[in-house]
Amino acid sequence: MPFDFIKKTMMTGIGMALKTQAEFEEMTKAFIDKSRMSEEEGRKFIEEMLDKYKESKSKMEEQIEKSVKEMISKADIASSKELKALKEEVEKLKEKIK
């Protein structure tokens, strides 16, 4: 039972991070309406949820970027930085040959 709860919580967090900010705000406002929060409580709740949304989205973007870099590294694909350095080296060698 605890594992299922943790799994559902994690899946909900992932789902929320994948929503756009507008979708997230709409979902949060619907929750406030259903829970009958006061206007002040609702405003604080929205602020807290948006902060958590932005934090989760940022962490997810960082993790995706890290994963992509790892996959590129494992695939042994040259980065644009490496290609640029190689082009510069080729140009220097061309100049030496002339």
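Bear in mind these aren't lab numbers, they're just calculated from the coordinates by the rules spelled out. Computed from a prediction, not measured in an experiment: that's the story for all the values here. Quick reminder, even Gly has a Cβ in these numbers, built from the backbone with ideal geometry, and neighbours come from all protein chains shown.
Within segment 52-88, name every residue whose backbone N is under 15 Å away from a label modeled 7 Å from Cα of residue 27 along the Cβ vector.
52-58, 60
Hey, what do the phi angles of segment 50-56 turn into as Karplus ³J(HN,Hα) couplings, whole Hz, using 6.51/-1.76/1.60 and θ = phi - 60°, x for Gly and Pro?
With the stated coefficients, segment 50-56 comes to 5, 4, 5, 4, 5, 5, 5 Hz.
Label points 7 Å out from Cα along the Cβ direction at residue 43 and residue 79: separation in nm?
In this crude label model, residue 43 to residue 79 measures out at 4.6 nm.
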